[in-house]
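The structure appears right after this line, and notes come after that.
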Amino acid sequence: MTPVARRTDPPRPTTPVTCVELTPWPLTLLRRAHPGVPVAVLDGQGRITHACPLAQAQGVERGLRGHAALSRAPELHAEAISGTHAAAAWEALMQDLHARFSDRVDGTPGTAFLALGVGGARELAAALQAPVGVAGSREVAQLAARRARPGELRDVRGVAEAAFLPLVPLTDLDVLGVPPARLEALHFLGVRTLGDLTRWSPAQREAFLGVDAGTRVNRFLTGARTTAVARRARPTVLEATLVPDAPLLEPGEAQAALHTVIAGHGDAAVWDTAAAHGSPGLWTALRDQTASTVTVRADTPGGELSATRALKWPLDAAGLTRLAELALADAGALTLGVERLTVSVGGVSAPARLVGLWAGVAELDVTHTLLTRCPGALVRVQWLDPHAYVADAQYAWVDWVSGQVRPTPLTPVRTPPTRARARERAVQRVLAFFEGPSVEGTAP
C-alpha cells in the first residue's frame, strides 16, 4: 500500500509587533504643544524633571528650579503636567491609534505596542514623528524603537535580530526589568552592551541582578519572548456638545451653558462614542453608571482649548457641573470667547456592589449549618452614624443571632460611667459654663 502524502498548507505569516516610543510622555505633550521652543516639565515643587534637547543645550538640567532654568534659557517654557491631563491625552492617542492603524493596541503612557506591518509602521512613524521599532516580539521592538531616530523606523525582524541584540547599550536594559542601581553597577564593572552581559553565566547574572531581574534577563537571552498584543476594548465615552448663539465670554453664561449640556435642558446634543444614541442630557445618559474623568473642550477663535478633571464616586449632577466649570476655568477659554462647548466623561462603567457574602444568606441552609458548628462565626454590621469621622462611631459589629455588640479593635468595649463619675462630669460642665474653661480639675 502506497502512503498518500498529506497536503499541508504553509504557515500563515504572523503580524510583527510595532512599538512607538514617546517617553517621557509629559515632555512629549509639551513639545507637541510648543514646537520649536525649549520646553521642560516641572514637578510639584517647581523643579525640572525633564527637559528637551534644546533646553539641555542651553544648560537646563534636571533638579533646577524654574527661575534658575529661565536664567539660563530665557525662552524656556516650563510647565507642570497633571497626571489627569497626561492620562486623558494618552487615552485620546490610544483611541486614535486604534481607529487608524490597528485593532490590537496596548501599552503604558509613553510606550505603545501595535500589531502592525512594516508599511503601516512606516506611516505611523511619519505621522507621529516618533521613533518606531518593528520586531517579532514586544521586548525587541521596544529596544529597536530606543535605537531609532524621531520619524524613522528600525526593523529588526528575522536574522537582523541576532545582529542587533549584542549591540544594545546597557542603558536600554530597563526594558528587561533591570533596576537603575544594577545598571550603574554593571557600568562600573565595564559592561557596556547586552553582548557583554551574555558572557556571564546564568547563575552569575541572577546572583548580581537579583532573582527577579536575573530570571527575566536569562529567559530573554534563551529566547523567551512576548509576542501577543491584546485586542483593545474600546472604552465608553459620553459626550455632549452645545453651540451657543453668541460666543460665551462671561462666567455666568458659561455656567448656564454647562448646566444645559449636563442637565439636558435645551438643544445640547449627546452621543456615546461606542454606540451613538440620542439623550436629553449628559447626566441622563449616564443613568446609574459612574465615570472617572470629565473633559471640557472649547472651540475659540484662537483654536481648541481643553482641560480634564478627575471624578470621584458617587456622582451627582451638581458636582459634575461644578467640576466642568473648574475644568473650563483651567482651560482659560472665556477670555477668547467660546464658540462651541463640548463636555465628555471618560471611563464610564457600571459600579459593582457587594450586597452580602452569599445571595439570600438568611434562606440558605449553609447559614444554619455554619452557626450550629461555630455559633460565633457570623456577624452583622449595625450602622450608627455613616457620616462620623471615627470608625467605631460609624458602625459596630454585632452578633448574627443575638444582635449584641461583638467587641473588636474597631468596636471597643464601652463601659458606662458610674453614677458618681457621671455626677462629677455634670458638675464640672456647669462650672466650666459659668466660670470658663480654665477651671482647675476640669474632667475631660
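Every number here is computed from the coordinates shown, using simple stated rules; none is lab data. Since the structure is predicted, the reported quantities are computational estimates derived from the model, not experimental observations. Counting neighbours? That spans all protein chains shown, and the Cβs are built from the backbone with ideal geometry, glycine included.
Distance between the pseudo-spin-label points of Ala230 and Arg429 (7 Å out from Cα toward the beta carbon): 5.7 nm. Look at where the Cα atoms of the stretch 329-350 and of the stretch 218-259 average out, and the two centres are 12 Å apart.
Between the stretch 162-197 and the stretch 73-137, the alpha-carbon centres lie 25 Å apart. Work through the residues other than Asp399 whose Cβ is under 12 Å from its Cβ and net out their charges, Lys, Arg +1 and Asp, Glu -1. Summing Lys/Arg as +1 and Asp/Glu as -1 gives +2. Can you tally the net charge around Ser82? Count Lys and Arg as +1, Asp and Glu as -1, for every other residue whose Cβ sits under 15 Å from the Cβ of Ser82. Overall, the nearby charge balance is -3. The Cβ shell under 9 Å around Ile48 holds other residues with a net charge of +1, Lys and Arg each +1, Asp and Glu each -1. Working from Cα pairs under 8 Å separated by at least six residues, relative contact order for the stretch 36-117 is 23 percent.
Of the listed peptides 216-223, 292-299, what is their order by residue-averaged count of other C-beta atoms within 10 Å, with the highest listed first?
Output ranking for 216-223, 292-299: 292-299, 216-223.
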